[in-house]
Every structure is written in structure tokens, then in C-alpha cells.
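Report on one structure; see the data block that follows.
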Amino acid sequence: MKFNTRRVSALVALTLAASAALTACGSDDGEGGGGDSASTITFLPKNLGNPYFDASSTGGERAVGEFDGTFEEVGPTTATPDAQVPFINTAAQQGVGALVVSANDPTALGSALEEARDAGVKVVTFDSDVDPEYRDIFVNQASAEGIAETQVDLIAEQIGEEGQVAILSAAANATNQNAWIELMESYAAETYPNIEIVETVYGDDDDQTSFDKTAALLQSNPELKGIISPTTVGIAAAARYLSTSQYKGQVALTGLGTPNQMREFIEDGTVTSFALWNPEDLGYLAAHAAHALVEGDITGEEGDTFTAGDLGEYTVGADGEVLLGDPTVFTSENIGDFDF
Ligand code: RAM
């Protein structure tokens, strides 16, 4: 069962953290595929216990059920590249069919992924990429430009296009957040000359760290008008801090959040709008891409096409990238329509 899979994985992560032992850390849900390694699709998110990745794994598991493989989710409790490496090594030793990874760093996982690929494991990144040479396909949630511009437009609208803005990010080396931050800075400078991005801080996709960094940001920047948090963990922690503080309604907050985590803060007026794609669809698409690679239907070349179950047909683009679609903006008007 899904629940057991994740519990076992978390336990293994703790064991690994405690002993640094390369224990065989696999667990599978026993659904379909008979449990042989080659039919196993192993999801390795940035961290466990993050509702965003719970949703992407739910989508992945659904896809794997459709093609009768074995779904497995493993991962660390802290969002660091070092903590991800042992899981890659173990998957390579087990000879799983494919690894589906959201990377905490663009290069630090490189040699482990190279070894896994040498051992015949297909490597799909999703959500947060590694350098293209280390994987077969990257399943991107939306264009980096679109994600960056959406968040800057939302904060601009909320603060009347002027004032100081800060960014509360995830891990300092996260490939996805760093790409978006760079694009947010250049887009804001070009489009909103009266907005100044004064500081970026890192909450490491950890709830308490993100909460504390929000408090510190507000204290050290008394003129702050808004915060952009391009991480579901960060925006939820920042909203929780703002909601009971003197800054509620004074300092705007937007970024990337899950509707289920943000609902109460939309309802109590702490937040007016934020964005995200559907992480369940992202995991579903990534698992289908992994299966197409394992089956030899595609190699990750530009122009390759494959069918991702009920999401339909996708084409591999330049640099082995597959694009899910556009982000959705959530407000009090539509948040009730979503449940993830
Ligand atoms: C967090 C993670 C993930 C990112 C989302 C928006 O859950 O940092 O990588 O895509 O936020």
C-alpha cells in the first residue's frame, strides 16, 4: 500500500541518516508487476513529508498501476543533495527500471546518477533538474519564464507595482528555485522599475526554518511590502507567520503553494493569490515518461513522442525536456475547485 511504502522509506531515511549505512532501502507497494526490480519505478523527491511530493508520488503511483509496474518512493527527510545520493546508489544496486528524481542540486548527484545509468537504470528528473548530461529526460512543470513572470506579476498587482520585495526560497542549491529567482529578478527589473528585490533567504524546504526566516526578514526589512516564496513549504510557513502577526494585510505574500495548504490563509485574508501546477499530474507524467524509456519506446531524443495515460500524448523537446503545461493562479474565487 502507498501508506506503508512511504512509512518504510521514511524509516530507512532515518536509518541512513543515523548510520550512514548503505542499507538496501527499497520497499515496494506490492501492487502489480510481481515486484521484480526491472519493472520498478523509484521516485526520489527532494524530501519526504512535503505535501507537494506526496501529491506527485500519488500521481506516479497511479501511472505505475496503469502499466502494471512496481511503484516505490524513497527519500531523505531533509532537502539536501548529500542525503539523496545513498538512495540513488541503492536503486542502482537493486537494478530498478527507472529513477524519477527531483534534485536538490544540479551537479552534486551527477556521479551517482552516472553510475546508475551505467548499471542500466533510466533516469528521469522532474520538478527540479540536474545538468542534462546526467539524465535521460526532464519533466518540467511549466516554462521557467512563465513560472517566474506569474509570481512577479502577482506581487506587483498586490503592492501597487512599487516597494521592497524579498524572496523566501527552498534549499540554496535547488536547481528549479534558482532558475526561477534569476528570471524573477530580471523580469522585475525590466517590467516594474519601482519594485526592488532586496533580499533572498533560504528556508531549506523545512517548515520551521522557513517560518523563522520569515520572521527575520520582516524584522530586518521594516519597509518590506511583499514576499515571494517559490516553494510550497516556504509559502505555507510564511503565511502561517503572517496570519497571526502585525504584518497581516500590510505585507503581501505570494509564490507557489498547494491549494490544500493555502486554503485557510486565502480564507482569512492573509494571502490573496498564488500559483502552482498540479503536482499529481507532474508525477503521473514523469512515471509514464520513465516507462516509455524503460520499454525502449523513446530514448529522450528531441521529437520522441509517448502517451501519458489520460493526459494524452507528449513530445520530447530540446535538451530532453517534456513540458506539463501552464501554472494555475489560485484566488478565493477558484480555490474551492482544487484538492491537492
Ligand atoms: C516545493 C519544492 C519543489 C517546488 C515546489 C513549488 O515543494 O521546493 O521543488 O517545485 O515547492
Contour excess over end-to-end distance, with Cα ends at Ala38 and Ala172 and 0.36 nm allotted per residue: 44.8 nm
Using all alpha carbons of the chain, what is the percent of pairwise distances in each 20 Å bin, ordered from the shortest bin to the longest? 33, 55, 12
Stokes-Einstein D for the range 189-255 (25 °C, 0.890 mPa s, Kirkwood Rh from Cα pairs), in µm²/s, comes to 202
What net charge do the residues around Gly309 carry, taking every other residue with its C-beta under 11 Å from that of Gly309, with Lys and Arg at +1 and Asp and Glu at -1? -3
Compactness of the range 144-276 as Cα Rg over 2.2 N^0.38 Å, two decimals: 0.92
Relative contact order of the range 157-202, please, whole-number percent, based on alpha carbon pairs below 8 angstrom and at least 6 residues apart. 61
Check: C-alpha center the range 107-172 vs C-alpha center the range 217-280, spacing in Å is 20
Each residue of the range 321-338 in turn: what ³J(HN,Hα) in whole Hz from Karplus with 6.51, -1.76, 1.60 and θ = phi - 60°, glycine and Pro shown as x? 9, 10, 9, 6, x, 7, x, 9, 9, 10, 9, 5, 5, 10, 4, x, 7, 10
Quick P(r) readout (the range 210-317; Cα-Cα; 5 Å bins; whole %) gives 2, 12, 19, 15, 9, 7, 9, 9, 9, 7, 2, 0
Over the range 216-318, what is the percentage of antiparallel beta bridges among all DSSP beta bridges, to the nearest 5? 40
Scoring the chain by relative contact order with C-alpha pairs under 8 Å, at least six apart, yields a percentage of 18
Search the structure for amide H atoms under 5 Å from the amide H of Ile197, placed 1.01 Å from N in the peptide plane, and list their residues when 5 or more places away or on another chain. Val165
Among Ile147, Ile228, rank each residue by its count of other Cβ atoms within 10 Å, from fewest to most, as a rough exposure measure. Ile147, Ile228
So what's the back-of-envelope 222 nm ellipticity for the chain, counting only DSSP H runs of four-plus at -39500 (n - 2.57) apiece and dividing by all residues, rounded to 500? -13500 deg cm²/dmol
What is the calculated FRET efficiency for Thr305 to Glu264, with r their C-beta to C-beta distance and R₀ = 41 Å, to the nearest 0.05? 0.45
Of all DSSP beta bridges located in the chain, what percent are antiparallel, nearest 5? 15
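Here, each number is a calculation from the coordinates, and none is a lab measurement. Given the structure is predicted, the values throughout are model-derived calculations rather than measurements. Because the Cβ atoms are built from the backbone with ideal geometry, glycine has one as well, and the counts that use them run over all protein chains shown.
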